[in-house]
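First the structure, in the form of structure tokens, and then the observations on it.
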Amino acid sequence: MMKRVRVSVFLMLSLHVISVYAAQDLPQDVAHERQEMIKNVGTSLPYLSQGFDLLKDQNIVDTNFYDFLEQHLSHDEREDEEMNFDQVIIQAEDILITNMKDTFFKTLTTAINYDKPLDQFDDPIFRHVMLYKDNMQDIVILWFNEWSNIQEMPVVNPLYHAILINNAEITKMLIDKGFKPTIKNGQNLLVHAVRKNNTEIVKMLIDAGAQFTIRDKHGYTPLDYAASSENTEILKILIYAGAHVNIEDKDKKTPLHFATLYNNNTEMVKILIHAGAHVNIEDKDKKTPLHFAASSENTEIVKILIDAGAQLNIEDKDKKTPLHFAADYNNTEIAKVLIDAGAQLNMQDEDGKAPLHYAIIFNIKKLVKMLIAAGADINIKDKKGWTPLHYVAFLDFYNTKIVRTLIKKGADVNIKDESGTTPLHCAVYCDNNGAKKVSMLINAGADVNIKNEYGWTPLYYAALKNKVEKVKILIAAGADINIQDESGQTAEQASDDKKIKAIFKKAHASQARSHCVIS
């Protein structure tokens with residue numbers, strides 16, 4: 001058992017060393033830091049770093065190194081802290097690079113001679129061979145000479161690893177040796193080359209017959225990834241080679257959806273449209289590329305799509321238009337482009353909200369002014385019956401300026417929502433500038449005695465919420481202190497605040513004096 005363990009330790013350590021050997025020209029401060037880390041790695045380091053001769057030990061190669069190492073280190077005695085087994089490899093690199101580089105070929109040859117079964121996706125032999133740059137060609141040739149069935153191993157295909165580390169030289173060598181650009185289990189190597197942004201390897205794979213339509217495990221094609229990147233050259237290569245520009249993923253998104261969703265590359269969008277991409281194609285949520293572009297910050301892409309015939313008022317499954325998206329994402333400049341192009345201002349989504357509702361809710365004051373100036377309906381109701389004035393009166397972050405603007409434009413100060421609530425009721429709830437909003441609405445003609453469906457007046461709301469200043473304003477404006485709600489309760493009875501009780505007491509006394517004078 002000990003021989004087997006020792007072989008495992010050496011193999012993994014030597015392979016790890018090879019993977020980092022090409023990067024050994026470290027900055028002095030990093031190298032010094034590593035040396036300092038090595039000083040206290042624990043009692044295992046001397047044992048792990050001494051090395052073993054696989055040819056001499058004549059044992060089966062076992063790459064299950066980490067399980068053993070974790071167990072072995074658990075018996076180390078350290079006073080300061082428990083040793084992280086992953087760190088041993090990292091901390092021992094400098095020592096191992098010096099002492100073990102020349103043993104790599106012995107390790108590999110022994111693995112081949114003992115017919116080591118490479119049947120795991122992350123097998124360290126494949127992974128580290130592909131990372132070892134100094135003798136890459138010799139290693140691959142050795143493999144072909146000794147292992148005739150290497151192409152029949154779909155999961156650990158060396159071509160996959162060569163692409164994964166962006167090694168065009170080995171990729172070409174493997175393709176020339178007959179490796180196919182698509183692994184048997186359906187894994188599309190072209191996808192990996194595109195994701196690695198390697199134009200040269202992409203060309204090689206296409207020339208070798210790589211298929212454009214095979215998807216990765218996420219359901220995406222090479223063209224989807226290319227459209228999501230910044231590499232216009234790869235996009236052109238794929239399209240020129242015959243990739244379908246309107247191919248849909250599992251969510252019915254096309255490359256043009258991805259181009260507008262994931263990057264700000266206007267050239268990418270132009271290339272796709274020029275190649276025949278449908279600008280009004282919908283994904284499973286009925287979103288078009290213009291919906292996604294409206295949620296970005298690239299006004300140029302929006303203009304390109306509009307010029308190409310994108311429908312301005314198309315609705316997604318939630319009945320949101322691109323203008324809704326611009327408002328949702330605080331994109332005032334894009335909203336302006338859409339408005340100038342003729343986007344309808346008052347289209348309502350499934351919640352009944354128009355773009356003006358969202359501009360107000362998200363406190364986009366510049367867009368609020370723009371929509372009002374463009375002619376948006378200021379009395380438009382959403383599903384619960386709230387108008388823009390309801391929201392402005394209710395929300396704390398709005399001052400009286402926008403209230404005044406809406407009133408001047410003709411906002412109805414007594415309009416009710418589905419429960420009978422008016423903007424004045426909403427202003428009573430508002431803390432910041434609430435009293436000023438109440439006064440402004442009253443001066444604009446708001447009915448101080450208007451009731452909601454429960455029979456509550458603005459005064460009842462104010463008393464219930466203990467809004468002392470607003471109670472004073474409403475009573476001074478003529479609010480009837482004797483009005484009862486549906487349960488027969490007055491505003492005075494709704495409050496337990498001593499100050500408010502005193503205000504009502506004073507109001508009753510004033511009312512009594514008035515009756516005496518009249519009598």
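Bear in mind that the values in this text are calculations on the coordinates, not laboratory data. Note that the structure is a prediction, hence the values are computed from the model and not measured. Neighbour counts run over all protein chains shown; Cβ positions are idealised from the backbone, glycine included.
May I have the convex hull volume per residue, in Å³, for the Cα set of segment 257-402?
Enclosed volume per residue, from the Cα hull, is 95 Å³.
Which loop chymotrypsin sites (Phe, Trp or Tyr not before Pro) in segment 393-477, with loop taken from DSSP, have no more than 15 other Cβ atoms within 10 angstrom of their Cβ?
Qualifying residues, ordered by number: Phe397, Tyr454.
DSSP loop (so not H, G, I, E, B), at most 16 other Cβ within 10 Å: list which trypsin sites (Lys or Arg not before Pro) in segment 329-410 pass both filters.
Lys383, Lys384, Lys409
Can you figure out the FRET efficiency of Lys236 with Lys384, using R₀ = 35 Å and their beta-carbon distance, to the nearest 0.05?
Efficiency, from the Cβ-Cβ distance: 0.10.
Run through every distinct alpha carbon pair of segment 415-519 and return the Kirkwood hydrodynamic radius in angstroms, one decimal place.
Kirkwood radius, segment 415-519: 13.8 Å.
So what's the net charge close to Asn264: Lys and Arg +1, Asp and Glu -1, counting the other residues with Cβ under 12 Å from its Cβ?
-4
Lys253: which lysines have alpha carbons under 21 Å from its alpha carbon, excluding same-chain residues fewer than 8 sequence positions away?
Reachable lysines: Lys217, Lys236, Lys270, Lys284, Lys286, Lys287, Lys303, Lys317, Lys319, Lys320.
What is the sum of charges, Lys and Arg at +1 and Asp and Glu at -1, for the other residues whose Cβ falls under 11 Å from the Cβ of Ile281?
Counting the neighbours of Ile281, the net charge comes to +1.
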